[in-house]
Amino acid sequence: MTSPFDFSEFYQALNRHGLQRWQKHLQNAVETATNKPDGNLPGWLAALQKLPELADCRAEIDRKIVSAISKAPVSTGSAENLRQALLQLQPWRKGPFDICGTFIDSEWRCDMKWERVAPHISSLRGRKVLDVGCGNGYYLFRMASMGAALTIGIDPSMLFLAQFSAVQKYLKVTDTFLLPTGFEDLPENMEAFDTVFSMGVFYHRRSPFDFLKSLKMLLRRGGELVLETLVIAGDENQVLVPQDRYARMNNVWFIPSVPALCKWLTKIGFADVRLADAARTTVEEQRTTTWMPGESLEKCLDPQNHDLTIEGLPAPVRAVIVATRP
């Protein structure tokens, strides 16, 4: 089956934005990632090929729901084909999207997080932006709506690339791309981006200081890091290291307090480190839906006390930290 993933526009964009020196490295990383065996990939490719052709779509990405709106009426048959093809790309973790009348009610109400993040970041207008661990790209579109000149997301999941490709088929947002690569596949010391986002990734990394240092070296001098992660209450010496699972996740290595995380960022060499927001994750923000029918947050909390996880640890609180590379 022919792959619909075409990165030629991405490589052209690198040249337009003065990043051509990284093309060979990134091209090799993308080719390696897309050639890895994945038993689910044929089904996702089949779903993409079933997506109907809908002419005259326009994007509306500056609102809570990232939408593609068809100027012409969508026939009943095309609407059903669209819905069935998109359903074959479950689970939809991030959203919400409305693709020409098909509403994708994702597990995460990502608009709620974005409303907490956006007021605290520098203007993205004209900036080159990287989103590390971008999922299916919901936030990439929101970043683009704020005027970013180039928006790149990386996430090694081929499902997320398939979901991004499906919605981008209709959105057609300029200079917005998702690469199916891991963080480790990026060139070292790029110093290429004006803003780097890392949201919901930090606590999955085994070596926090190495990760923070790598994020710093992706930024140009004066660039801004937006880091969103799980935190716990406590002073600068407080860090939770789950012995086994945390909220049913088996890959959470550590959860620092806000003062500890700010101290770590300062130690790495960031300046102007500040807490932008901290909020408890609620079952309204993360939940099971038709588009993500598996277990979600409610099943990860103590049924008698939502202040605790099912393991008896403090329930998820997420903080947004903003910092500058001097």
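Return yes or no: is ASP62 surrounded by fewer than 23 Cβ atoms within 10 Å (Cβ to Cβ), at pLDDT below 95 and among the charged types (D, E, K, R)?
Considered against the rule, which asks whether it is surrounded by fewer than 23 Cβ atoms within 10 Å (Cβ to Cβ), at pLDDT below 95 and among the charged types (D, E, K, R), ASP62 comes out as yes.
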Could you check the range 3-50 and list, in sequence order, the residues that are free of Cβ contacts under 8 Å to residues at least 24 places away in the same chain and more than 28 Å from ALA192 (Cβ to Cβ)? PRO37, GLY39
Kindly indicate whether any position in the range 247-259 is under 24 Å from the mean Cα position of the chain (by Cα), of a type in the set (Gly, Ala, Ser) and either more than 27 Å from PHE211 (Cα to Cα) or open to solvent by 80 Å² or more (accessible area, probe 1.4 Å) (or both). no
Can you list residue pairs whose Cβ atoms sit under 8 Å apart, with the first residue in the range 227-244 being farther than 17 Å from GLY312 by Cβ and in contact (Cβ under 8 Å) with a residue 24 or more places away in the chain and the second being among the basic types (Lys, Arg) and open to solvent by less than 40 Å² (accessible area, probe 1.4 Å)? Count only pairs 6 or more apart in sequence or on different chains. GLU228/LYS113; GLU228/ARG318; THR229/ARG318; VAL231/ARG318
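Does ALA276 meet the test of being open to solvent by less than 30 Å² (accessible area, probe 1.4 Å) and either within 16 Å of PRO208 (Cα to Cα) or touching a Lys or Arg at 6+ places or on another chain (Cβ under 7 Å) (or both)? Before you say what the answer is, go through the steps one by one.
Values: open to solvent by less than 30 Å² (accessible area, probe 1.4 Å): yes; either within 16 Å of PRO208 (Cα to Cα) or touching a Lys or Arg at 6+ places or on another chain (Cβ under 7 Å) (or both): no.
The answer is no for ALA276.
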Somewhere in the range 206-223, is a residue in contact (Cβ under 8 Å) with a residue 24 or more places away in the chain and acidic (Asp, Glu)? no
Residue among SER67, SER78 that alone is surrounded by 14 or more Cβ atoms within 10 Å (Cβ to Cβ), hydroxyl-bearing (Ser, Thr, Tyr), touching a residue at least 24 places away in the same chain (Cβ under 8 Å) and under 30 Å from ALA118 (Cβ atoms): SER67
Name the single residue that is farthest from ARG280 (Cα to Cα) among those in the range 81-96 being open to solvent by 20 Å² or more (accessible area, probe 1.4 Å) and part of a helix (DSSP H, G or I). ASN81
Taking the residues in the range 97-126 that are part of a strand (DSSP E or B) and of a type outside the set (Asp, Glu) as candidates, determine which candidate is farthest from the chain's Cα centre (by Cα). THR102
Can you pull out every residue in the range 58-69 that is in contact with a Ser or Thr (Cβ under 9 Å, 6 or more places away or on another chain) and not in a loop (DSSP other than H, G, I, E, B)? ARG58, ALA59, GLU60, VAL66
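Tally up the residues in the range 189-223 that are part of a strand (DSSP E or B) and under 17 Å from the mean Cα position of the chain (by Cα), please.
6
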Filtering the range 180-219 down to residues that are open to solvent by less than 10 Å² (accessible area, probe 1.4 Å), within 22 Å of LYS113 (Cα to Cα) and among the β-branched types (Val, Ile, Thr) yields THR195, VAL196
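The values are calculated or read from the model by the stated rules, or taken from the named source; none is laboratory data. Values in this document were obtained by computation on a predicted structure and should not be read as measured data. Using ideal geometry, Cβ is built from the backbone for each residue, glycine included, and neighbour counts are taken over all protein chains shown. Side chains included, ligands, DNA and RNA excluded: accessible areas come from the protein's heavy atoms. Shrake-Rupley method; radii C 1.70, N 1.55, O 1.52, S 1.80 Å.
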